[in-house]
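Scroll down for the structure; my scribbles are underneath it.
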Amino acid sequence: MKDLKKKYIQILKIELEDLHNDIDMYMEQMQNDAQCGEITNYVFRENLALLNNETVGIEIINEYLDTLNLDEFEDINALMQKIKSDLLEKLEKDGIAHALFIYLERKLDKVSLYVSQTA
């Protein structure tokens, strides 16, 4: 069971890295749009601030995942519920946009489904 929990965290980190890469690509596209005049400088700066906030949130999530003792959890569901409850509170406390928590929930569920199907 510990191997499944470890696999779950590893895949979750890959998913978070992919999300981080998507944010980086979106930032680049927005910068191009701003330079071409397709969006205003104000919109660009507001969007950039939000995306930077989400990037910080991903770093917080990764740091949190590194602190987990997988032996404390009976199964992946218990691990997933603990991650959800802890990170909802932590991300709100740290002023991270709630949208990131929604992305995280989707990633948690997606990875859980994947791991349970491949076990």
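Worth pointing out:
- Taking every C-alpha pair closer than 8 Å and separated by at least 6 residues, the mean separation divided by the residue count of the chain gives a relative contact order of 40 percent.
- Residue 40 accessible area, 1.4 Å probe, all protein chains in place, Å² to nearest 10: 80
- The chain, accessible area per residue, ligands and nucleic acids excluded (1.4 Å, Å²): 62
- In terms of its C-alpha gyration tensor, the chain comes out prolate, because a/c is 1.5 or above and the ratio a/b outweighs b/c.
- For residue 98, solvent-accessible area (1.4 Å; no DNA, RNA or ligand), Å²: 100
- Between the helical axis of 76-93 and the longest alpha-carbon principal axis of the chain there is an angle of about 40 degrees.
- Cβ-derived FRET efficiency at R0 25 Å, residue 99 paired with residue 14, nearest 0.05: 0.75
- With a 1.4 Å probe rolled over the protein heavy atoms of all chains, the accessible area of 59, 54 falls in the order 59, 54, largest first.
The values are calculated or read from the model by the stated rules, or taken from the named source; none is laboratory data. Every value quoted in this text rests on a predicted model; they were computed, and no experiment measured them. With ideal geometry, Cβ positions are generated from the backbone for all residues, glycine too; neighbour counts draw on all protein chains shown. All accessible areas refer to the heavy atoms of the entire protein, side chains included, with ligands and DNA or RNA removed. Shrake-Rupley method; radii C 1.70, N 1.55, O 1.52, S 1.80 Å.
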